[in-house]
Amino acid sequence: MKRAEVGNIIEFRGLQGIVEKVNENSVIVDLTYMDNYRDLELEQRTVVNHKNYTVIK
């Protein structure tokens, strides 16, 4: 499994976002990258465990 780095785009649970910070067990992701971000009524950022995402770019 490839670990994300700051600036990578990741996908998790059908969502995509840009990694803002890498922690020991998780990453903080900015979800405003998605075109339909406002329609989904999500928080701007979320925390995702390293086991729960795949690196897109």
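Bear in mind these aren't lab numbers, they're just calculated from the coordinates by the rules spelled out. The structure presented is a predicted model; accordingly, all values stated were derived computationally and were not measured. Neighbour counts are summed over all protein chains in view; Cβ atoms, including those assigned to glycine, are modelled from backbone coordinates with ideal geometry.
Residue pairs whose Cβ atoms lie under 9 Å apart, separated by 6 or more positions or on different chains, with the first residue in region 25-53 and under 14 Å from ARG13 (Cα atoms) and the second loosely packed, with under 13 Cβ neighbours inside 10 Å and among the aliphatic types (A, V, I, L, M), are VAL29/VAL47; LEU31/LEU40; MET34/LEU40; HIS50/MET1; LYS51/MET1. Only a single item in (1) touching a strand residue (DSSP E or B) at 6+ places or on another chain (Cβ under 8 Å); (2) at positive phi is not met by GLU41, and it is number (1). Of LYS2, LYS21, LYS51, LYS57, all but one fail to be assigned to a strand (DSSP E or B) and either loosely packed, with under 15 Cβ neighbours inside 10 Å or of a type outside the set (S, T, N, Q) (or both); the exception is LYS21.
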